[in-house]
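Taking it in order: structure first as structure tokens, then the write-up.
The values are calculated or read from the model by the stated rules, or taken from the named source; none is laboratory data. On a predicted model such as this, the values are computed, not experimentally measured, just so you know. A quick note on method: Cβ atoms are made from the backbone with ideal geometry, for glycine too, and the neighbour counts reach across all protein chains shown. Just so you know, the surface numbers come from the protein's heavy atoms only, side chains and all, with ligands and any DNA or RNA stripped out. Shrake-Rupley method; radii C 1.70, N 1.55, O 1.52, S 1.80 Å.
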Amino acid sequence: MPLSITTAGAFRQPLRTGLALATAVGLAGCAVGPDFHPPQPPAVKSYTGRPLGETVSTPGHGGEAQRFVLGGKIAADWWQVFHSSQLSGLIEKSLAQSPTLQAAQARLEGAEANLDVVQGGLYPQFDANLSATRQKFSGAQFGGGLGGASIFNLYGASLTASYDLDVFGGTRRGVEAQAAQVEYQRNQLRAAYLTLVGNVVGTAINAASFKAQLDATQAILDAEQRQLSLVKDQEQAGAVPLSDVLQARAQLAATRTRIAPLRQQWAQSQHQLAILAGIFPGNWKPIDFEIANLQLPPTLPVVVPSELVRRRPDILAAENLLHAASANVGVATANLYPHISLSGSYGSQAVEAGNLFNAGNAIWNIGVSLLQPLFHGGALHAQKRAAVASYKEALANYRQTVLTAFGQVADVLRALETDAASLKAQQTALDSAEKSLNLAQVQYKAGAASFLTVLTSIQQYQQAQLGYVQALAQRYQDTAQLFNALGGGWWNSKKEQ
């Protein structure tokens, strides 16, 4: 089953956000300022300017050809394509424990609460008041000269109501802007989810790559140790000079120097996995990811270019900011027009608590107020110009986000093609280096080649073997990057239904 963020409400569409947008946008005909319309998708039919096809294949694990399917479905749990229970378990743990994800969820909840705050301005406000005071006044206050003073109690009870008519829609535009901010935080949460999963997958592949390079280097080290023993025996028998022993020993020492950096890189990848999972590195039990246990998916779904703007959380978030900026133009415009509000109250006052609710003690008032801005030193018009400028900035940022997203998809599509070709070339180089090394060793034993030839062949074999492992890991890395660049399939999650 597709994994989901365990924090409640992370991927649901709250009813209150929909109601807020319906209230604000649905009444936009009565509100000043621009009505927001999402930008049209870019009119492009291809990410790279060339048709999608199939990569080349290479014999062996991870060398399968990969076929691109335009419009194919991306599963919400896309990492399952690697068929690794270790990886799936780690992602599940990371989604449940990541502080980064929890922080993004909290920001969403805060934005939803702020929406409730501003949405309250659409409705009448009612308040109840009860009071009891003890007062003393001088008779002089009421024309009594220097007469005596009076002390008495005064009790009061009242209900007040007020309502902003919002004739020009400033409040509704404010609700619209805050609802857009809620959607922005929701897409930020989706982006955090996507980034977390991508980082876990990428770091796990790195760990598997370092492990494979360590194993390959250790195998080379063992072979060189046997080579050194052989050369020693030959030197003692007088068949080869001492210089061959020294060269073999130097080569062995050089290969040993490769072990420590690889171990350090592997350890750092494990520490990073611990942090991604919300666990202290000291409490982390290392996971031995093996690249041989990862499967390369033969089919890669690709989102249609015109749909990418509705799939990438960063593009959707940029659109939300654009929507909020558009609504803020309406708020600034409404501030230029009259502000009309109604108010009223009904209550009672008495000097004795028992008489508080007698009919003769009733008090009430009702009123209407109109506030027309006249002169603010140009501040209100400047605020509108600033809001319009912010909208233009948000629109430019949106376009840049779309361009960057399309560029990332194009990069990874081409990378997958070159990755497959690179792996094929590395396999050819590895086969040639292995044959060359075997031949050099046979010739050296027969006295037909110098030990320098053997050393050169060993170095070439080392480079080819490590290069092959790195090329193989890169195929897995770029495969994961493609799913990430296309939005990660969050829209196919059951939590989004």
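Just to be sure before I move on: is Asn328 assigned to a strand (DSSP E or B) and either within 28 Å of Tyr163 (Cβ to Cβ) or in contact with a Leu (Cβ under 7 Å, 6 or more places away or on another chain) (or both) in the structure I sent?
no
Mind checking which residues of region 238-271 are open to solvent by less than 80 Å² (accessible area, probe 1.4 Å) and not hydrophobic (A, V, I, L, M, F, W, C)?
Result: Gly238, Pro241, Ser243, Asp244, Gln247, Gln251, Thr255, Pro261, Gln265, Ser269, Gln270.
Are there any pairs, at least 6 apart or on different chains, whose C-beta atoms fall under 6 Å, with the first in region 251-276 and farther than 23 Å from Leu221 by Cα and the second surrounded by fewer than 20 Cβ atoms within 10 Å (Cβ to Cβ), and if so, which?
Gln270/Pro286; His271/Pro281; Ala274/Pro281; Ala274/Trp284; Leu276/Asn199
Give all pairs with beta carbons closer than 9 Å in which a residue from region 394-415 that is farther than 18 Å from Gly198 by Cα and at pLDDT 95 or above meets a residue that is open to solvent by less than 30 Å² (accessible area, probe 1.4 Å) and among the basic types (Lys, Arg); count only pairs at least 6 apart in sequence or on separate chains.
Between residues of region 394-415 that are farther than 18 Å from Gly198 by Cα and at pLDDT 95 or above and residues that are open to solvent by less than 30 Å² (accessible area, probe 1.4 Å) and among the basic types (Lys, Arg), the close pairs are Thr401/Arg312; Val402/Arg312.
Among (1) open to solvent by less than 60 Å² (accessible area, probe 1.4 Å); (2) closer than 30 Å to Leu252 by Cα, where does Asp478 come up short?
(2)
Residues to consider are Glu393, Glu496, Glu417; find the one that is in contact with a helix residue (DSSP H, G or I) (Cβ under 8 Å, 6 or more places away or on another chain), open to solvent by less than 70 Å² (accessible area, probe 1.4 Å) and among the acidic types (Asp, Glu).
Only one candidate qualifies: Glu496.
Select from region 306-316 the residues that are surrounded by fewer than 18 Cβ atoms within 10 Å (Cβ to Cβ) and modelled with pLDDT of 95 or more and list them in ascending order.
Passing the criteria: Glu307, Arg310.
Just for region 192-201: of the residues that are open to solvent by 10 Å² or more (accessible area, probe 1.4 Å) and aliphatic (A, V, I, L, M), which one is farthest from the chain's Cα centre (by Cα)?
That would be Leu196.
Matching residues to (1) of a type outside the set (A, V, I, L, M, F, W, C); (2) outside any helix (DSSP H, G or I); (3) in contact with a strand residue (DSSP E or B) (Cβ under 9 Å, 6 or more places away or on another chain); (4) at positive phi:
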position: Val402; (1), (2), (3), (4): no, no, no, no
position: Leu416; (1), (2), (3), (4): no, no, yes, no
position: Leu423; (1), (2), (3), (4): no, no, no, no
position: Gln427; (1), (2), (3), (4): yes, no, no, no
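Can you tell me how many residues within region 249-300 are part of a helix (DSSP H, G or I) and in contact with a Ser or Thr (Cβ under 8 Å, 6 or more places away or on another chain)?
Number satisfying all stated conditions: 9.
Take region 46-61 and flag every residue that is surrounded by 11 or more Cβ atoms within 10 Å (Cβ to Cβ) and within 29 Å of the chain's Cα centre (by Cα).
Ser46, Tyr47, Thr48, Leu52, listed by residue number.
Could you check region 343-354 and list, in sequence order, the residues that are in contact (Cβ under 8 Å) with a residue 60 or more places away in the chain and within 18 Å of Phe152 (Cα to Cα)?
Within region 343-354, Ser348, Gln349, Ala350, Val351, Glu352, Ala353 meet the criteria.
Name the residue, out of Ala324, Ala387, that is open to solvent by less than 30 Å² (accessible area, probe 1.4 Å), within 24 Å of the chain's Cα centre (by Cα), at pLDDT 95 or above and not β-branched (Val, Ile, Thr).
Going through Ala324, Ala387 in turn, just one is open to solvent by less than 30 Å² (accessible area, probe 1.4 Å), within 24 Å of the chain's Cα centre (by Cα), at pLDDT 95 or above and not β-branched (Val, Ile, Thr): Ala324.
Out of Ala128, Ala65, Ala132, I need the residue that is touching a residue at least 60 places away in the same chain (Cβ under 8 Å), open to solvent by 60 Å² or more (accessible area, probe 1.4 Å), at negative phi and not in a helix (DSSP H, G or I). Which one?
Ala132
Any idea which residue in region 278-298 is farthest from Asp215 (Cα to Cα), counting only those that are open to solvent by 60 Å² or more (accessible area, probe 1.4 Å), touching a residue at least 24 places away in the same chain (Cβ under 8 Å) and not charged (D, E, K, R)?
Pro298
Say whether the condition of being within 30 Å of Arg310 (Cβ to Cβ), open to solvent by less than 30 Å² (accessible area, probe 1.4 Å) and touching a Phe, Trp or Tyr at 6+ places or on another chain (Cβ under 8 Å) is met by at least one residue in region 202-216.
Yes; the residues of region 202-216 include at least one that is within 30 Å of Arg310 (Cβ to Cβ), open to solvent by less than 30 Å² (accessible area, probe 1.4 Å) and touching a Phe, Trp or Tyr at 6+ places or on another chain (Cβ under 8 Å).
How many residues are closer than 30 Å to Pro34 by Cα, part of a strand (DSSP E or B) and open to solvent by 60 Å² or more (accessible area, probe 1.4 Å) when one looks only at region 344-376?
3
Step by step: first the residues of region 68-103, then only those that are aliphatic (A, V, I, L, M) and assigned to a loop (DSSP other than H, G, I, E, B), then the one that is surrounded by the fewest Cβ atoms within 10 Å (Cβ to Cβ). Which residue is that?
Looking at the filtered set, the residue picked out is Ala75.
From the list Lys211, Lys232, exactly one residue is more than 24 Å from Gln443 (Cα to Cα), in a helix (DSSP H, G or I), among the charged types (D, E, K, R) and in contact (Cβ under 8 Å) with a residue 12 or more places away in the chain. Which is it?
Answer to the check: Lys211.
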